[in-house]
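Below is one structure, written out as C-alpha cells; comments come after it.
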Amino acid sequence: MAVYPQHQITINGEKKGLQAKGKPGFDLRYGKYSEIITPEYEFAFNLNGEIKFIKGRTMEWPHPFEQLKRTDGNDWVYYSCGKEGGERGVIFWLGEYYLPCLPYPNNSLDRAEYFSNPVVMKALGAWSMLFGTLYELQANGLQPGDKDLVERILAHDDNTLYQRSKRLQEIIGGRVSVLPPDTRHVDYEVVPLSISQGCLYHCDFCCVKSSNKFQVREKQDILEQIKSLKEFFGRNLENYRGLFLGDHDALAAGEEAITFAVKEAKEILDIGGSGAQQPLLFFFGSVGAFLKSKPTLMDALNRSGFRVYINLGFESVDPETLKFIKKPITREHVLEAFEKMHAVNSRYENVEVTGNFLMGERLPQGHFPALEDLLKNAPGPSRGKGAVYLSPLKNRGEDEQLLDRYFDLKSISRLPVFVYLIQRL
C-alpha cells in the first residue's frame, strides 16, 4: 500500500478478494484486483487495469454496502441492497444479497431509479476526474510498485473500454442479450462463447428474442473464438469461474458441438485455473432440445470438470397461456420436460437443470393455478438442485402485486423459487 498525501490518494497494488465457494455476506470482490482510495470513493480495477467497481465513502452515498459495477459489455450496474429488509428482502426473492439495478429497460420488481440519482452520477464523473490526478502522479513520480498499475489504468480510458466491449462482440458475433439466471452464482461474470445463433421458437412475449434462424457454429469458428477470447481477457482470465455457451438455445446445438466447445474451452482458457473452486458452465435450453437430449450428453457434461447449469424456458404449464404467448409447445411437453429435469438432477452430481416460468397479472387466468399446482406437487429438490425462476413480464404498476404473488408461490413450492431478472452481458 502506498499513500500520496499531496493528492489524498492511497494505492493498493494487488489485493485478494473472497475465494470461498458461494457469496457470503455483501462482499462482491472476488479473485485479484487493485484499488485506489480517495476521501470520497473507492475505485477497484481488474488485473488488466480496467475499472470494475466504484463505491462511495461519504455519508451522502445511498448505502455503505452498495456500489457501481462495470460489466464486460461496458454497462454500469448499481448493486442495491433493495428497498425492504426482513422476509421481503432481496435475498429472499433473488437468492442474492444485492439487486442489480440496470441502466437499460428490464423486468425488475424494484423500480428504484439509481441512475437519476445525482450522487450516483457524481461517482461516474469522479472516475473520469481520477485520470487527471493519476497523470499528475505519473509526472511527479510514483513508487516502483505503483508505476505499472497506473500505466495499465491510464491505458483503459472510457473510449478504450467502449472499444473493448465492441471487440468482444466482434469475437462472439454480437452482444449477449440475456444471461441465464443461474449466472447469479458468479455475479454474472462469465466468459461468453457462441456455439449457436438464433432460437427455435421466437415466442411472442420474449423481449430479447432473435429474428435469426437457428444455426450451429462450425467447429473452426468455435475454436477461433476461444483463442481470441484468451487474448481478449488476458491476465484477468484467472478471475473468471464461469463459461457461458450462447446463444439462446445452446442445448439445441447438439452433443458434438457442446462437448467440443467445452473440451477446447477448458484446455485453452483454463477457467478456474489453479484455483480451488470448480469452474461453472452455463447455457440455455429449449423444452424441445432438452427432450431430445440423450444420456450420453449428460454423462459427458457430468465428467467435464465443470459444474453445469442448464436453464430451460418452460414459461407456463397452462395450455391457454402457451397459446397466448405463442410458444409452440404443449402442456404435455412441459410436464415431460419438468419430469426429466428432476431425473437429471437426481442422477448427475455435476449437472443441474433449472426452469423458468412467467409472472404477469395480464396472463390468462389458468396460468397461476396451473403453476401453483405444479410447484406444490413437484418432487422435492434432489441434492438441493432444480431451482425454478419466475420472470416478471414488463408491466409497470404491478410490482407489488407480482411480489405478493411470488411469495405466495414460494410458500407452497417444494422446489427453490427465485425471481429471474433479465440481464445482458
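Points worth noting:
- Considering only 137, 168, 94, the Gaussian network model of the chain with Cα springs below 10 Å gives its largest mean-square fluctuation to 137.
- Rounded accessible area per residue of the range 286-425, 1.4 Å, Å²: 42 Å²
- Accessible area of the chain belonging to carbon and sulfur atoms, whole % at 1.4 Å probe: 50 percent
- At R0 = 22 Å, FRET efficiency that the Cβ-Cβ distance of residue 407 and residue 113 yields, to 0.05: 0.35
- Max mean-square fluctuation residue, GNM over the chain, Cα-Cα springs under 10 Å, options 366, 384, 86: 86
- C-alpha long axis of helix 144-154 to longest principal axis of the chain, angle in °: 60 degrees
- Computed with a 1.4 Å probe over protein heavy atoms only, the accessible surface of the range 57-141 comes to 45 Å² per residue.
- Using alpha-carbon coordinates, inclination of helix 331-347 to the longest axis of the chain, degrees: 60 degrees
- Note on residue 303/residue 83: beta-carbon distance plugged into 1/(1 + (r/R0)^6) with R0 of 56 Å gives a FRET efficiency of 0.80.
- Against the criterion of solvent-accessible heavy-atom surface with a 1.4 angstrom probe, 32, 327 sort, most first, into 32, 327.
- Taking the chain as a Gaussian network of alpha-carbon nodes connected by springs under 10 Å, the highest mean-square fluctuation of the residues 214, 260, 53 belongs to 260.
- Computed from Cα atoms, the angle from the helix 118-140 axis to the main principal axis of the chain rounds to 40 degrees.
The values are calculated or read from the model by the stated rules, or taken from the named source; none is laboratory data. Note that the structure is predicted; figures quoted are calculated from it, not measured. Because the Cβ atoms are built from the backbone with ideal geometry, glycine has one as well, and the counts that use them run over all protein chains shown. For the accessible areas, the whole protein counts, side chains as well, though only heavy atoms, and no ligand, DNA or RNA atoms are used. Shrake-Rupley method; radii C 1.70, N 1.55, O 1.52, S 1.80 Å.
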